[in-house]
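*Asks:* The following block contains the structure, expressed as structure tokens.
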Amino acid sequence: MYRGLVALLALVVVAAVVSGCGDDASADDVTVAIKYSHYQPELITANAGEPVTITLRNDDPIEHEWIVGTADVHERHRTGTEPVHDAIPTEVTIPALSTRVTTVMFSEPGEYLYVCHLPGHEAYGMVGTVQVVGE
């Protein structure tokens, strides 16, 4: 019986380690690290109608932003002049070497990009996706 418990425990530990090693995140609380002008993870999975708390940790010595939304939201920000984002949960400015926390909820399933629209950052690859799944 002891061997069986040890084997089961080892299997659970291995499964937990393997499930935590991907390039995506799925949970009620997610941390998005920003390093070298890239988001990590580049994929977040969320459930429609459920709040997700996002911790945005900027490890770079320059400011970034995290704008998540539909194509029209991103087009508005590509040509916009808003210097700071702090009033809308899906539009956050993260100063250099700092952390911001926001809670978002998506009512409809789909894929929503998150992008840093500071000059050149999107073209450099500072883009990720929130995949919202239905119930």
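*Asks:* Once phi is turned into ³J(HN,Hα) by the Karplus curve 6.51 cos²θ - 1.76 cosθ + 1.60 with θ = phi - 60°, what whole-Hz value does each residue of the stretch 62-72 show in order, with x for glycine and proline?
*Replies:* 3J(HN,Hα) across the stretch 62-72, in whole Hz: 10, 6, 9, 9, 10, 10, 10, x, 7, 4, 5.
*Asks:* So, one more: Hey, what does the equivalent ellipsoid look like for the stretch 42-85, semi-axes from the Cα gyration tensor as sqrt of 5 times each eigenvalue, largest first, whole Å?
*Replies:* Semi-axes (√(5λ), whole Å): 21, 18, 9.
*Asks:* Also: Compute the signed sum of charges (Lys and Arg +1, Asp and Glu -1) over the other residues within less than 13 Å, Cβ to Cβ, of Glu91.
*Replies:* That works out to -1.
*Asks:* A further question follows. What residues qualify as long-range amide H neighbours of Glu63, i.e. H under 5 Å apart, gap of 5 or more or another chain, H built at 1.01 Å from N?
*Replies:* Ala96
*Asks:* How large is ³J(HN,Hα) for each residue in the stretch 89-102, as worked out from phi by the Karplus curve 6.51 cos²θ - 1.76 cosθ + 1.60 (θ = phi - 60°), to whole Hz, x for Gly and Pro?
*Replies:* x, 9, 9, 10, 9, 10, x, 3, 6, 9, 10, 10, 10, 9
*Asks:* Quote the Stokes-Einstein diffusion coefficient, in whole µm² s⁻¹, for the stretch 73-128, based on the Kirkwood radius over alpha carbon pairs, a temperature of 4 °C and a viscosity of 1.567 mPa s.
*Replies:* Answer, rounded: 102 µm²/s.
*Asks:* OK, next. Which far-off residues, 5 or more places away or on another chain, put their amide H under 5 Å from the one on Tyr114, with H placed in the peptide plane?
*Replies:* For Tyr114, whose amide H was placed from the backbone, the distant partners under 5 Å are Gly128, Thr129, Val130.
Laboratory data are not the source of any read-out in this text; all were calculated from the coordinates shown. This is a predicted model, so every value here is computed, not measured. Using ideal geometry, Cβ is built from the backbone for each residue, glycine included, and neighbour counts are taken over all protein chains shown.
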